[in-house]
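The values are calculated or read from the model by the stated rules, or taken from the named source; none is laboratory data. Everything numeric in this text was worked out from a predicted model, so none of it was measured. Here the Cβ positions follow ideal geometry from the backbone for every residue, glycine too, while neighbour counts run over all protein chains shown. For the accessible areas, the whole protein counts, side chains as well, though only heavy atoms, and no ligand, DNA or RNA atoms are used. Shrake-Rupley method; radii C 1.70, N 1.55, O 1.52, S 1.80 Å.
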Amino acid sequence: MPDIASNIISLKQQIPSSVRLVAVSKTKSVNEILEAYNTGHRIFGENRVQELLSKKDLLPGDIEWHYIGHLQSNKVKYIVPFISLVQSVDTFRLLQIIDNEASKIRRVIDCLLQYHIAREETKFGFSMDEANEMMGSEGFQRLKQVKICGVMGMATFTSNTEQVRDEFRLLCNYFAELKRRYFSDMPSFREISMGMSGDFRIAIEEGSTIIRIGNIIFGERK
Ligand SMILES: *Cc1c(COP(=O)(O)O)cnc(C)c1O
């Protein structure tokens, strides 16, 4: 049995206080989440809507939930009332649906644009061109209920640390380019979410502001 409380405390000692830690609790039970919560930790990440909804209701209301998985449009309405940050916006259409659902309940939803930085085909996300096309469009200007706070990306799953580092640098360049072109006067555009259990040290060296960690805290998933 992993000692979740010690794991999270020792992990926090290893990261600068300026970097936020998202405890990725997908597949983990309510009791396991509570073990982390009871150390004082409040930010948790999930990647399935149904699982998030069923666990959320059994857990304290002051948890900040981040959505980190591919989000289907028909499920947006279920998380919009409470989600703190949607890290995985990967299409303009999804952003429009979030905006529309948020307007119905007069919330503004913080979002990150997920970029495709890995060599693997399977990972979701924008390319630089796709994001620029969206940012320049009239439709984007009309969105009022979403706030773009930065970018998110996942590096290739590889032991080649130089490749991982290059991919994180690419994400930082995307962030800087967006900041320069579209968000230069917006201090809320400031997040670079990158780094998981296997690569968070490199991510922090390359400028990550949010790391998303599951295995190191909760033990390996089945
Ligand atoms: C599962 C997951 C993580 C955490 O991965 P670990 O290797 O368990 O740290 C981070 N980000 C995303 C998007 C994930 O799906």
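Among Tyr78, Tyr182, the sequence by solvent-accessible area, most first, with a 1.4 Å probe is Tyr78, Tyr182. The stretch between Ser73 and Asp166, if pulled fully straight at 0.36 nm per residue, gains 30.3 nm over its current Cα-Cα span.
With a Förster radius of 35 Å applied to the beta-carbon distance between Thr39 and Glu130, the computed FRET efficiency rounds to 0.35. As a length-normalised measure over Cα pairs under 8 Å and 6 or more apart, the relative contact order of region 11-111 settles at 21 percent. Extension gain, Val30 to Asn215: 0.36 nm times the residue separation minus the Cα-Cα distance gives 65.0 nm. Taken over region 25-144, the ratio of Cα radius of gyration to 2.2 N^0.38 Å equals 1.14. Counting pairs of Cα atoms in region 155-204, how many percent are more than 17 Å apart? Taking all Cα-Cα pairs of region 155-204, the fraction more than 17 Å apart is 39 percent.
Just to confirm, what accessible area per residue do you get for the chain at 1.4 Å probe, in whole Å²?
On the way: 11080 Å² over 222 residues.
Heavy-atom SASA per residue in the chain reads 50 Å².
Plainly put, the chain has a radius of gyration that is 0.95 times its Kirkwood radius, both from alpha-carbon atoms, as the Rg/Rh ratio.
If you roll a 1.4 Å probe over region 56-167 with all protein chains in place, what percent of the accessible area is carbon or sulfur? So the carbon and sulfur contribution to the accessible surface is 47 percent. In the chain, the calculated helix contribution to ellipticity at 222 nm averages -11500 deg cm²/dmol per residue, counting -39,500 (n - 2.57) for every DSSP H run with n ≥ 4.
Averaging the Cα positions of each part gives two centres, and for region 2-77 and region 82-97 these lie 18 Å apart.
Taking 7 Å steps out from each Cα toward its Cβ at Thr156 and Arg119 produces label points 0.2 nm apart. Note on Asp62 and Gln13: their simple-model spin labels are 2.5 nm apart, each label 7 Å out from Cα toward Cβ. Let's test the formula: R0 of 22 Å, r as the Cβ-Cβ distance of Ser6 and Lys222. What FRET efficiency results, to the nearest 0.05? For Ser6 and Lys222, the calculated efficiency is 0.55. Restriction of the trypsin sites (Lys or Arg not before Pro) in region 125-218 to DSSP coil positions whose beta-carbon has at most 12 other beta-carbons within 10 angstrom yields Lys144, Arg190.
Please report the projected area of region 1-95's Cα convex hull averaged over all directions, in nm².
Average of the hull's projected areas for region 1-95 equals 6.7 nm².
The largest-to-smallest principal axis extents of the Cα set in region 116-208 are 43, 27, 20 Å.
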